[in-house]
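> Structure provided below as structure tokens; questions to follow.
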Amino acid sequence: MKRFYIIPLVWVLTVVVVSAQSTDPITNVLLQIADHNPEVREARLAAEAAKQESGAGNNLADPTVSYTRQWGKPEGATSEVITELEVLQSFDFPTAYIQRNKLHNLQKTVFDSEAEAVRQRVLLQAKELCIDIIALRQTQVLLRR
């Protein structure tokens, strides 16, 4: 019974693999350019760095620690040294963090859009060049006839 299910499954997978490999050459070239173009890669990395930088501003400030040592014996104290350790942490109202988080999310979409615009511009130029090359080759074939 399992054999009847396996044979159609293998046939369907074979058809899918063969059809996936038979895409047009322009698409293959554009995929290679999108993966390996330094300008596209640089735009993607710059967008990631800008997103990280914009998100870093919504963190709490660093705490401050101070240590004070005073000499002298206050009334009723058993030792002559008074020490004081003070730790301070500043924070904003929660609404400020919410608004900064909303701003960060908007900036992330802007950075992603800029990187996508660079990618689309490069791929458009590459596609135009591919079409020009194909047209020139066809013209060359016609001229040879």
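> Per-residue HN-Hα couplings for the stretch 28-45, Karplus 6.51 cos²θ - 1.76 cosθ + 1.60 at θ = phi - 60°, whole Hz, x for Gly and Pro?
Karplus values, whole Hz, x for Gly and Pro: 4, 5, 5, 5, 5, 5, 4, 7, 10, 6, x, 5, 5, 5, 5, 5, 5, 5.
> Find, among the chymotrypsin sites (Phe, Trp or Tyr not before Pro) in the stretch 44-145, those assigned to loop by DSSP (not H, G, I, E, B) with at most 14 other beta-carbon atoms within 10 angstrom.
Counting only loop positions with at most 14 other Cβ atoms within 10 Å, the chymotrypsin sites (Phe, Trp or Tyr not before Pro) in the stretch 44-145 are PHE91.
> Determine, from the Cβ-Cβ distance of LEU136 and ASP112 and an R0 of 35 Å, the FRET efficiency 1/(1 + (r/R0)^6), rounded to the nearest 0.05. Intermediate results must be reported in sequence, preceding the final value.
Working: r = 36 Å, r/R0 = 1.03.
That pair, LEU136 with ASP112, gives E of 0.45.
> With each label point set 7 Å from Cα along the Cα-Cβ vector, what nm distance links VAL65 and GLN89?
1.4 nm
> Right, here's the next one. With θ set to phi - 60°, apply the Karplus curve 6.51 cos²θ - 1.76 cosθ + 1.60 along the stretch 54-67 and write out the HN-Hα couplings as whole Hz, x wherever there is a Gly or Pro.
These are the phi-based 3J(HN,Hα) values: 6, x, 6, x, 9, 8, 5, 5, 5, x, 10, 10, 9, 10 Hz.
> Just how many pairs of Lys in the stretch 20-140 have C-alpha atoms closer than 30 Å, counting pairs that are eight or more places apart or on different chains?
So the count works out to 4.
Values in this text are rule-based calculations from the coordinates and carry no lab data. Keep in mind that this is a model prediction, so the values were computed, not measured. All Cβ positions, glycine included, derive from the backbone under ideal geometry; neighbour counts span all protein chains shown.
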